[in-house]
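Data block below; observations after.
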Amino acid sequence: MNHNNKFINLSFGVILVVFLLSALTFVFAVFLGVETFRIIFIILAIVLVLFVMLLFTGFTIINRILKKDENSSLQQDMSPFKKTLIHIALKVFMPFIITISNLFNYNKDQIRRVYIKANNEYVLSLNIKVEPEKLLVILPHCLQSSKCSYRIRNNLNECHQCGLCNISNIKDLVEKYSVNVGLATGGTAARKSIIDLKPEFVIAVACERDLTSGIMDVNRLPVYGILNERPNGPCKDTLVDTEQLETMIKHFTN
Ligand code: SF4
């Protein structure tokens with residue numbers, strides 16, 4: 001019974017809120033005059049116009065990021081005003097658009113890719129440099145070959161570097177740059193790595209869905225996202241561009 005408490009609390013809360021709204025609407029309908037309703041609708045219209053302006057600003061700034069030349073991404077020279085606009089777009093506009101795309105099942109991965117790109121641009125604009133031991137690389141478990149007979153844990157020590165999967169190259173990379181690495185089976189394991197290692201910066205490799213939810217989850221920690229490649233379908237023998245991973249490790253470490 002105890003583990004159902006959250007569900008019961010949430011359901012009760014939602015029903016109570018809807019009940020209060022119904023009661024309020026009834027009271028308004030019975031007791032308020034036409035003039036008061038007019039004022040309420042005017043206030044509602046103003047709030048909606050402000051929200052539309054916020055959405056339009058978010059759309060404009062994200063659209064500019066999309067048109068930007070991919071190769072110029074690492075040269076960031078952004079005004080504080082523009083950084084603030086991107087930050088607002090990432091916090092308000094994109095979550096709103098992602099929720100709508102999830103709700104209507106509309107090109108979810110494409111929308112998430114836009115979010116990841118915009119987030120990466122924002123993170124690059126912060127010009128962050130951390131000590132190698134403060135950088136955590138989070139990898140998805142599906143990077144390990146399904147034919148591998150070793151059980152790879154966080155530090156990749158168990159990898160015998162047979163070369164069958166990307167883990168071999170990544171092991172070399174994390175040793176070369178002395179950065180931390182975590183192999184995550186999902187969001188919970190990724191969060192645990194972050195709590196245990198307390199990094200100041202994260203480079204995460206994952207699919208569109210996991211990267212998007214991961215970046216949104218760790219609100220205050222900057223995360224640079226790298227999409228994995230999935231030639232064998234989702235969650236099986238995935239790949240990552242290790243050159244890109246190395247470039248980003250070098251870029252974000254002192
Ligand atoms: S490179 Fe490492 S992890 Fe990948 S299959 Fe070989 S031993 Fe396993």
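The values are calculated or read from the model by the stated rules, or taken from the named source; none is laboratory data. Fair warning: this is a prediction, and the values are worked out from it, not measured in the lab. With ideal geometry, Cβ positions are generated from the backbone for all residues, glycine too; neighbour counts draw on all protein chains shown. For the accessible areas, the whole protein counts, side chains as well, though only heavy atoms, and no ligand, DNA or RNA atoms are used. Shrake-Rupley method; radii C 1.70, N 1.55, O 1.52, S 1.80 Å.
Taking the alpha-carbon centroid of each part, what is the distance from the stretch 169-231 to the stretch 77-141 in angstrom?
Comparing the Cα centres of the stretch 169-231 and the stretch 77-141, I get a distance of 14 Å.
Please list, or write none, the lysines whose alpha carbon is within less than 28 Å of the alpha carbon of Lys6, excluding same-chain residues fewer than 8 places away.
Cross-link targets: Lys91, Lys192.
So how do 22-33, 215-226 stack up, highest first, on mean other-Cβ count within 10 Å?
Per-residue mean Cβ counts within 10 Å order the peptides as 215-226, 22-33.
Projecting each Cα onto the charge dipole of the stretch 133-228 (Lys/Arg +1, Asp/Glu -1 at the beta carbon, about the Cα centre), which of Ile203, Gly186, Leu227 comes out farthest on the positive side?
Farthest towards the positive end: Gly186.
Can you give the relative contact order of the stretch 129-252 as a percent, counting alpha carbon pairs under 8 Å and 6+ residues apart?
Answer for the stretch 129-252 is 32 percent.
Over all alpha-carbon pairs in the stretch 32-123, figure out the percentage whose distance exceeds 21 Å.
More than 21 Å apart: 44 percent of the Cα pairs in the stretch 32-123.
Report the one residue of Ala89, His141, Thr99 whose Cα lies farthest in the direction of the positive end of the charge dipole of the chain (charges on C-beta: Lys and Arg +1, Asp and Glu -1; origin at the Cα centre).
With unit charges placed on the Cβ atoms, the residue in question is Thr99.
Kindly list the residues of the stretch 230-247 that lie in the label zone of Cys148, defined by a backbone N under 13 Å from the point 7 Å along the Cα-to-C-beta vector.
Inside the label zone: 236-240.
Return the carbon/sulfur percentage of the accessible area of the chain, one whole number, probe 1.4 Å, all protein chains in place. Before the final figure, lay out each step's value.
Numbers: 9860 of 15940 Å².
Heavy-atom surface of the chain belonging to carbon and sulfur, 1.4 Å probe: 62 percent.
Using amide H atoms built 1.01 Å from N in the peptide plane, name the residues 5+ places from Ile226, or on other chains, whose amide H lies under 5 Å from its own.
Here the answer is Ala204, Val205, Ala206, since their amide H atoms fall under 5 Å of that of Ile226.
Any chance you could get the radius of gyration and Dmax over the Cα atoms of the chain, in Å?
When restricted to the Cα atoms of the chain, Rg and Dmax are 22.9, 79 Å.
Counting only heavy atoms of the protein chains, get the accessible area per residue of the stretch 32-123 (1.4 Å probe) and round it to a whole Å² value.
The answer is 67 Å² per residue.
How much area per residue is accessible in the stretch 129-252 when the probe is 1.4 Å and only protein heavy atoms are counted (Å²)?
I get 52 Å² per residue for this part.
Please report the antiparallel percentage of DSSP beta bridges with both residues in the chain, rounded to the nearest 5. Each step should come with its number before you reach the end.
Values: 1 of 16 bridges.
Counting DSSP beta bridges with both partners in the chain, the antiparallel share is about 5 percent.
Amide H of Phe201: which non-local residues (sequence gap of 5 or more, or other chain) have their own amide H closer than 5 Å, using H built in the peptide plane?
Leu136
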